[in-house]
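Reading through the structure tokens given below for one structure.
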Amino acid sequence: MGRSQICSALAILALFFFSSALADDVVVLTEENFDKEIGHDRAALVEFYAPWCGHCKKLAPEYEKLGASFKKAKSVLIGKIDCDEHKSVCSKYGVQGYPTIQWFPKGSLEPKKYEGARSAEGLAEYVNSEAGTNVKIASIPSSVVVLSSDNFDEIVLDETKDVLVEFYAPWCGHCKSLAPIYEKVATAFRQEEDVVIANLDADNHKDLAEKYGVSGYPTLKFFPKGNKAGEDYDGGRDTDDFVNFINEKCGTSRDSKGQFTSKAGIIESLDTLVKEFVSATNEEKKAVYSKMEDEAGKLKGSSARYGKIYLKAAKSSMVKGADYANNEIQRLERMLAKSISPTKADEFTLKKNILVTFA
């Protein structure tokens, strides 16, 4: 098994133990929910921040670690509020600079300002002291593939993979700000075997940085299956910007949380035939199904897998009648509402998306 396969396997295994660790562990507070969340049956540490603030961006990965670590501590809430969006709340609590971190004891709306170190460990020590908890900072497995001179060519130049590479330097402030976003992007695509989200410490591997014309940090380059010379990534640096870029370039259909979108599995040529199939008489359906078989036989890769789902749906519709698609969609929706593995969620979403075309 190659290094890229090992990394992918480890990432998938990590999913079951650290699902969405960087996505939803810090509670997003607003003018609407602040008084509902704060000052009641649990204490709270709140970061008052501004999206443009450099110090806030630097704190972000540490604060995310804190949120992930305290996720199961029912007596403590780790929250944050955007002071550009919710000025009235920030003004109410005397916030004048960013980030301001305040501690709200259980049952109180009278906060104490946090003045300690802005690290996950320092924040955790303070919260443990104030709340009487004993939480340690969790070590969250990364979905970003770490490159070096030993594995760069094996992973990046693999013509069966589409690879996005961040060339960074450990001392670079912009790189630190990008880190939690880049991690979310890697997490969103960790179920895609042909997509690799990777990074390289260019300060430690200057020869590779020079080879690919990297002169500033972070520099992002995309190495698609068909161009291993690399292309500059000049898009936005929000999670959605990266996700949209990967979907467009790689033909994937993921959202920022890594879930399949409603477009996943849809094949335009088969969709056209499905419309013909649905409006046909029972006798005519057999002829249309034959055309669908011919079209599905032309598909390759993941598209061939989707083609088989189309054919199975068509065959079941002929055997079980016009209500089959709607009944099966409802069953799949019930399954998707349960706590299931990402692999099963992908499988059920693909089937549902294709069945919708028959409904």
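The values are calculated or read from the model by the stated rules, or taken from the named source; none is laboratory data. Everything quoted here is computed from the prediction, not taken from an experiment. In this analysis, Cβ positions are derived from the backbone assuming ideal geometry, glycine residues included, and neighbour counts consider all displayed protein chains. Just so you know, the surface numbers come from the protein's heavy atoms only, side chains and all, with ligands and any DNA or RNA stripped out. Shrake-Rupley method; radii C 1.70, N 1.55, O 1.52, S 1.80 Å.
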Next on the checklist: Which pairs turn up if I take residues in region 181-194 that are of a type in the set (Ser, Thr, Tyr) and look for partners that are open to solvent by 40 Å² or more (accessible area, probe 1.4 Å) with beta carbon separation below 8 Å, at least 6 apart in sequence or on another chain?
Outcome noted: Thr187/Ser20; Thr187/Ala23
Item to check | Hits in region 139-177 (condition: hydroxyl-bearing (Ser, Thr, Tyr), closer than 16 Å to Leu220 by Cβ and without any contact (Cβ under 8 Å) to a residue 60 or more places away in the chain) | outcome: Tyr168
Checklist entry - Taking into account only those residues within region 36-58 that are out of contact with any helix residue (DSSP H, G or I) (no Cβ under 9 Å at 6 or more places or on another chain) and either at pLDDT below 90 or over 20 Å from His174 (Cα atoms) (or both), which is least open to solvent (accessible area, probe 1.4 Å)? => result Ile38
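Leu336 - would you say it is more than 21 Å from the chain's Cα centre (by Cα), of a type in the set (A, V, I, L, M) and surrounded by 14 or more Cβ atoms within 10 Å (Cβ to Cβ)? If you could, list the steps in order and put the result at the bottom.
Numbers: more than 21 Å from the chain's Cα centre (by Cα): no; of a type in the set (A, V, I, L, M): yes; surrounded by 14 or more Cβ atoms within 10 Å (Cβ to Cβ): yes.
When the stated conditions are applied, Leu336 does not pass them.
Take the residues in region 130-177 that are open to solvent by 60 Å² or more (accessible area, probe 1.4 Å) and of a type in the set (Asp, Glu), then tell me which one is nearest to Gly226 (Cα to Cα). Steps first, answer last, please.
Step one: filter region 130-177 for residues open to solvent by 60 Å² or more (accessible area, probe 1.4 Å), giving 130, 132, 134, 136, 139, 142, 146, 149-150, 153-154, 159-160, 170-171, 174, 176.
Imposing the further condition that a residue be of a type in the set (Asp, Glu) reduces the set to 130, 150, 153-154, 159.
Working: Glu130: 56, Asp150: 23, Asp153: 15, Glu154: 16, Glu159: 7 Å.
The qualifying residue nearest to Gly226 (Cα to Cα) is Glu159.
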Next on the checklist: Can you find, within region 178-205, the residue that is most open to solvent (accessible area, probe 1.4 Å) among those that are among the acidic types (Asp, Glu) and modelled with pLDDT under 95?
Outcome noted: Glu193
Checklist outcome for this item: Every listed condition ((1) of a type outside the set (S, T, N, Q); (2) at pLDDT 95 or above; (3) open to solvent by 10 Å² or more (accessible area, probe 1.4 Å); (4) under 19 Å from Val27 (Cβ atoms)) holds for Lys72 save (2)
Next on the checklist: Please go through region 89-125 and give me each residue that is touching a residue at least 24 places away in the same chain (Cβ under 8 Å) and of a type in the set (Ser, Thr, Tyr), ordered by number.
Outcome noted: Tyr93, Tyr98, Thr100, Ser108, Tyr114, Ser119
Next on the checklist: Out of everything in region 206-215 that is free of Cβ contacts under 8 Å to residues at least 24 places away in the same chain and part of a helix (DSSP H, G or I), what residue ends up being most open to solvent (accessible area, probe 1.4 Å)?
Outcome noted: Glu210
Next on the checklist: With the condition being in contact (Cβ under 8 Å) with a residue 40 or more places away in the chain, I'd like the helices (runs of 4 or more DSSP H) fully within region 241-323 carrying at least 3 qualifying residues.
Outcome noted: 268-279, 302-320
Next on the checklist: Regarding region 123-143, can at least one residue be identified that is assigned to a strand (DSSP E or B) and modelled with pLDDT of 95 or more?
Outcome noted: no
Item to check | From the options Arg118, Arg190, residue that is in contact with a His (Cβ under 9 Å, 6 or more places away or on another chain) and more than 18 Å from Thr219 (Cα to Cα) | outcome: Arg118
Checklist entry - Can you tell me which residues in region 185-205 are assigned to a loop (DSSP other than H, G, I, E, B), polar (S, T, N, Q) and within 20 Å of Ser341 (Cα to Cα)? => result Gln191
